[in-house]
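No lab work stands behind these numbers, since they all come straight from the coordinates. The structure displayed is predicted, hence computed values, not measured ones. Here the Cβ positions follow ideal geometry from the backbone for every residue, glycine too, while neighbour counts run over all protein chains shown.
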Ligand code: GLU
């Protein structure tokens with residue numbers, strides 16, 4: 001039996017968790033959980049200017065929210081810590097010592113200006129574009145003395161000159177070949193003694209015993225460099241799996257231009273974590289090519305790198321909305337009500353005490369809302385009319401539904417009929433209003449829309465009869481009365497396009 005896999009998600013905390021990063025984290029997590037392996041979170045905070053503790057906390061919060069629990073990492077600990085790169089300096093020093101002892105690293109004193117001049121010449125000649133290895137052949141004693149004198153230098157990898165092409169078998173992309181002409185004596189440690197990205201990542205992956213490196217293919221060109229470092233250290237090379245980028249609908253790499261890109265922004269708009277995980281998992285992986293809705297459990301049970309696509313995935317917010325809406329509708333009324341409450345509270349519509357006083361009312365409301373929203377942030381606008389003392393009549397809705405003579409007399413008749421209704425339930429309300437339309441010999445829709453606009457302010461609302469039931473008989477009557485009064489007054493609400501008509 002091969003040892004159980006160890007994978008890692010290694011974000012740089014230079015911003016919040018990006019949608020692309022979240023997908024990488026989901027695949028690593030699902031891979032580890034499927035195989036009974038270990039999922040490590042490592043924070044690559046080596047960029048001192050852009051890495052912040054706040055971003056690290058936000059990334060961890062987003063992962064927790066998505067349900068991506070990690071087995072080793074910040075706050076959890078583990079046998080291969082610390083899990084912040086800034087705390088691993090000693091590990092990098094020791095690794096460089098190992099390479100020095102093995103004769104696999106050398107100091108390079110070429111200044112940035114010299115290097116730039118070399119690059120220009122190489123470009124002009126059209127030959128090998130990398131470092132020309134001047135310092136590789138320096139006399140070791142001379143190099144030693146220059147270091148002792150404090151001359152600035154970097155440490156480079158001494159790549160075997162006969163190394164040839166670098167070939168590896170990517171678990172997603174198949175065989176990948178990098179030609180030897182691209183193999184450079186790369187910098188491992190900078191003049192200020194800090195490790196380069198490629199050095200730190202390789203040392204961390206090697207010392208943390210990472211077996212599979214699953215990451216975005218923006219790192220593909222780093223992989224040959226990292227393979228050379230593994231070889232110089234004599235460490236086993238992990239399996240690499242490079243995930244294709246996520247594109248916006250215009251075929252360009254997903255960015256802020258395409259809308260929200262951080263997990264947090266989706267959370268704030270009222271997407272459910274289950275829905276987001278489901279959707280992001282589908283950006284490059286499929287369960288069977290058909291199934292769209294699946295739980296985290298199913299993902300864990302079935303995830304494999306074999307089913308990860310090599311093609312770029314297109315981020316389609318409409319599909320995400322559809323998936324989110326599906327999850328919202330599947331919730332029980334009380335679950336949905338509890339999820340909706342923070343949104344209603346933030347909008348200043350209600351309080352948790354009100355929920356505690358009349359939970360049944362909220363549980364009746366919940367499925368009506370769930371059927372109509374794709375995101376929880378859409379809920380307040382839909383239910384606002386139930387909570388406000390006064391509502392605004394939308395001028396365009398007034399024009400559509402209340403201005404004809406038929407509509408106005410229908411509304412007046414509806415007020416009388418509804419006021420004398422004995423049982424205030426959606427079914428009885430419907431029977432009452434349909435009967436009324438028949439008596440008046442008008443289309444039922446004329447009655448319904450007139451009442452709808454008078455009571456909710458808009459032609460678009462929750463289902464009418466249920467809305468009236470939830471609003472209550474007295475408040476319904478009061479709103480119809482106020483609407484009629486407004487229509488009869490000199491001031492026509494339909495004219496108030498620039499100033500919504502409030503009452
Ligand atoms: N820290 C790198 C990033 O955020 C990831 C490094 C890796 O996965 O190898 O892009």
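Given the alpha-carbon gyration tensor of region 340-414, what are the semi-axes of its equivalent ellipsoid in whole angstrom, ordered largest first, with each equal to the square root of 5 times an eigenvalue?
Semi-axes from the Cα gyration tensor: 29, 14, 12 Å.
Stretch residue 64-residue 269 to full length: gain in nm at 0.36 nm per residue minus the Cα-Cα span?
Length gained, residue 64 through residue 269: 72.1 nm.
Starting from 0.36 nm per residue, how many nanometres of slack lie between residue 396 and residue 221 once their C-alpha separation is accounted for?
Going from the current span to full extension adds 57.3 nm.
Which FRET efficiency, nearest 0.05, do residue 86 and residue 145 yield, Cβ-Cβ r, R0 25 Å?
Approximately 0.20, to the nearest 0.05.
What do the square roots of 5 times the Cα gyration tensor eigenvalues come to for region 222-308, in whole Å, largest first, as semi-axes of the equivalent ellipsoid?
So the equivalent ellipsoid measures 30, 20, 13 Å along its semi-axes.
Give me the log10 of I(q) over I(0) for region 60-157 at q = 0.14, 0.21, 0.24 Å⁻¹, as the Debye formula computes it from C-alpha points; what are the numbers?
Computed log10 I(q)/I(0) values: -0.75, -1.08, -1.27.
Enumerate the residues in region 1-31 having an amide nitrogen under 20 Å from the point lying 7 Å beyond the Cα of residue 306 toward its Cβ.
Answer for this model: 1-6, 27-31.
Once the Cβ-Cβ distance between residue 230 and residue 332 is put in as r, and R0 is 41 Å, what FRET efficiency do you end up with, to the nearest 0.05?
Working from the Cβ atoms, E equals 0.20.
For region 373-436, what does the equivalent ellipsoid look like in terms of its semi-axes, each the square root of 5 times an eigenvalue of the Cα gyration tensor, given largest first in whole Å?
25, 19, 11
Expected output is a single nm value to one decimal: the length gained when fully extending between residue 351 and residue 34, i.e. 0.36 nm times separation in residues minus the C-alpha distance. What is it?
109.9 nm
Suppose a student asked you for the relative contact order of the chain, using Cα pairs under 8 Å spaced at least 6 residues apart; what percent would you report?
Answer for the chain is 12 percent.
Regarding region 322-371, what is the average projected area of its C-alpha convex hull, in nm²?
The directionally averaged projection comes out at 3.3 nm².
Give the Cα extents of region 1-82 along the principal axes, in whole Å, largest first.
Extents along the principal axes, in whole Å: 45, 26, 17.
Where does helix 359-370 land angle-wise versus the long Cα axis of the chain, in degrees 0 to 90, nearest 10?
70
With a Cα-only, solvent-free Debye model of region 285-350, what are the log10 I(q)/I(0) values at q = 0.12, 0.21, 0.27 Å⁻¹?
For region 285-350 at q = 0.12, 0.21, 0.27 Å⁻¹, log10 I(q)/I(0) is -0.50, -1.01, -1.24.
Based on a Kirkwood Rh over C-alpha pairs, give the Stokes-Einstein translational diffusion coefficient of region 161-254 at 25 °C and viscosity 0.890 mPa s in µm²/s.
Once the numbers are plugged in, D ends up at 170 µm²/s.
Any chance you could list P(r) for region 156-314, counting all Cα-Cα pairs in 10 angstrom bins from zero, rounded to whole %?
Bins of 10 Å from zero give 9, 30, 31, 21, 8, 1 percent of pairs.
Sketch the reach of a paramagnetic label on residue 438 as a point 7 Å from Cα along Cα-to-Cβ, and name the residues of region 447-479 whose backbone nitrogen lies under 17 Å away.
447-448
On a 0 to 90° scale, report how tilted helix 426-440 is relative to the longest principal axis of the chain, with both axes built from alpha carbons and the result rounded to the nearest 10.
Orientation of helix 426-440: about 50 degrees from the principal axis.
Roughly how far apart, in whole Å, are the Cα centres of region 27-84 and region 300-314?
Region 27-84 and region 300-314 have Cα centres spaced 21 Å from each other.
Using the Kirkwood radius built from alpha carbon pairs, what does the Stokes-Einstein equation give as D for the chain at 25 °C and 0.890 mPa s, in µm² per second?
After rounding, the answer is 89 µm²/s.
Label points 7 Å out from Cα along the Cβ direction at residue 416 and residue 138: separation in nm?
For residue 416 paired with residue 138, the spin-label model returns 10.3 nm.
May I ask you to give the average projected area over all directions of the convex hull of the Cα atoms of region 396-496, in nm² rounded to one decimal?
5.6
Sort 30-43, 290-303, 366-379, 255-268 by packing, meaning the average of other beta carbons within 10 Å per residue, with the highest value first.
For the peptides 30-43, 290-303, 366-379, 255-268, the packing ranking is 30-43, 366-379, 255-268, 290-303.
Calculate the tail of P(r) for region 1-144: the fraction of all Cα-Cα distances greater than 24 Å, expressed in %.
54
What percent of all Cα-Cα pairs in region 251-409 falls in each 10 Å bin, counting up from 0?
Over region 251-409, the share of Cα pairs per 10 Å bin runs 9, 29, 28, 20, 10, 3, 0 percent.
For region 107-188, what mean projected area does the convex hull of the alpha carbons give, in nm²?
7.0
Take each of the peptides 275-282, 126-133, 218-225, average the number of other beta-carbon atoms within 10 Å over its residues, and list them starting from the highest.
275-282, 218-225, 126-133
Which value in nm describes the separation of the simple spin-label points at residue 50 and residue 190, placed 7 Å from the Cα toward the beta carbon?
Here the modelled spin labels are 1.2 nm apart.
Cβ neighbours within 10 Å, averaged per peptide: list 233-245, 101-113 in order, most packed at the top.
The densest-packed peptide leads the list: 233-245, 101-113.
May I ask for the angle, rounded to the nearest 10°, between helix 112-125 and the longest principal axis of the chain, with both axes built from Cα atoms and the value confined to 0 to 90°?
Between the helix axis and the principal axis of the chain, the angle is about 90 degrees.
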